[in-house]
Ligand SMILES: [Fe+2]
Ligand SMILES: [Fe+2]
Ligand SMILES: [Fe+2]
């Protein structure tokens, strides 16, 4: 049995990204829907291909979330379209199950008359996404921003004429614009994504991509979630949790800080002590996580995620629960989160020495903040736990550096396209 259904994976992505900027998410959904209908009209794709391309259509602007201030989306889309195209591509390529199909996102702002400069086996999907993207902007947002007879003037220059013809055929067959106006496209999208049960790997891939997209906003938080998941799993195994508890703990820790997506970088990266008001904002991430996950993941997963700041003596947040209200997996998640914070480098501190970390954790356990037997188990196995985590960390940091490096290389290449 699966903890999170395919439809709900999509729902988590949708809700999370909507919190940062609902305009981008709406635009993504409409673009994805238009693309889906255009491709469906051609009747040459498997159901899995349709799902994959539709997901890419929905997520085509995911690179915009790398920006901290994305209030003026249309500026990013038109003035400097490469940055988000490249980040979106890199996120999807390295962090999602999309691998080389991520190219479709890389080129979504490339003018049609430049296609000769690129090599891609997905040129047709690229031209369709490019058109779907413009169609949404045209139909819904700023018709007036388009020159009169835009679609007549720039055929086969900015966009592909073949893609436009395909759109018109799909429009005649399915009534795309009518479905957009009435809102029924949302049900159609949900149906498509529910029809195709994603594999566990596919779902995990997308959730991990979502989490990394958030963590990658700041170099300091980039390994925090990964470390929490890793420590949680290791401690869980040492404490002999059953496979179901381990699985719940995995998803609970993976999703525990999703709500941080709504916290401004100035607070996340603050180098000093947070003021009371800032602390209030920071603490809100738990409630936001709860808002996103409520109703879309099993309760066991939800509770692990939203209780990671609770303390056994009731001094934690956001509910102030006490020891007998907190399950062992929830208490392990809290310990894993603290260990991750102490062990990791942050904007306001360097990594602590292992003596200091052990001392702090022991004190916390003695003061009835966190579970004593969990801490004892951790400390007994401390070096092994850290060594195992370090191995995995190398890969993530490697990935992070690779994405930064690739970003520069690709930007360079894109300059020649202008
Ligand atoms: Fe874009
Ligand atoms: Fe777009
Ligand atoms: Fe947290």
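The values are calculated or read from the model by the stated rules, or taken from the named source; none is laboratory data. The structure presented is a predicted model; accordingly, all values stated were derived computationally and were not measured. Neighbour counts run over all protein chains shown; Cβ positions are idealised from the backbone, glycine included.
Here is a yes/no grid of residues against (1) within 15 Å of ligand 2 (Cβ to nearest atom); (2) modelled with pLDDT of 95 or more; (3) touching a helix residue (DSSP H, G or I) at 6+ places or on another chain (Cβ under 7 Å):
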site: 96; (1), (2), (3): no, no, yes
site: 106; (1), (2), (3): yes, yes, yes
site: 112; (1), (2), (3): no, yes, yes
site: 129; (1), (2), (3): yes, yes, yes
site: 132; (1), (2), (3): yes, yes, yes
site: 135; (1), (2), (3): yes, no, yes
site: 145; (1), (2), (3): yes, no, no
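Between 63, 57, the distinction of being at pLDDT 95 or above and surrounded by 24 or more Cβ atoms within 10 Å (Cβ to Cβ) belongs to 57 only.
Scoring residue 280 on the criteria (1) buried (at least 17 other Cβ atoms within 10 Å of the Cβ); (2) modelled with pLDDT of 90 or more; (3) assigned to a helix (DSSP H, G or I) leaves a single failure, condition (1).
What are the residues in region 182-218 that are in contact (Cβ under 8 Å) with a residue 60 or more places away in the chain and not in a helix (DSSP H, G or I), if any? 196, 197, 198, 216, 217, 218, listed by residue number.
Screening region 90-114 for residues that are within 11 Å of ligand 1 (Cβ to nearest atom) and in a helix (DSSP H, G or I) and picking the one that is surrounded by the fewest Cβ atoms within 10 Å (Cβ to Cβ) gives 106. Taking residue 117, is it modelled with pLDDT under 95, more than 21 Å from the chain's Cα centre (by Cα), away from ligand 2 (no atom under 16 Å from the Cβ) and assigned by TED's automatic domain parsing to the domain that holds residue 17? When the stated conditions are applied, residue 117 passes them. Which residues, counting only those in region 386-399, are surrounded by 14 or more Cβ atoms within 10 Å (Cβ to Cβ) and within 23 Å of the chain's Cα centre (by Cα)? Answer for region 386-399, where residues must be surrounded by 14 or more Cβ atoms within 10 Å (Cβ to Cβ) and within 23 Å of the chain's Cα centre (by Cα): 389, 392, 393, 396, 397, 399.
Results for (1) buried (at least 19 other Cβ atoms within 10 Å of the Cβ); (2) away from ligand 1 (no atom under 16 Å from the Cβ); (3) part of a helix (DSSP H, G or I), shown as yes or no for each residue.
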{"residue": "330", "(1), (2), (3)": "yes, yes, yes"}
{"residue": "337", "(1), (2), (3)": "yes, yes, yes"}
{"residue": "341", "(1), (2), (3)": "no, yes, yes"}
{"residue": "351", "(1), (2), (3)": "no, yes, no"}
{"residue": "362", "(1), (2), (3)": "no, yes, yes"}
{"residue": "377", "(1), (2), (3)": "yes, yes, yes"}
{"residue": "384", "(1), (2), (3)": "no, yes, yes"}
{"residue": "408", "(1), (2), (3)": "no, yes, yes"}
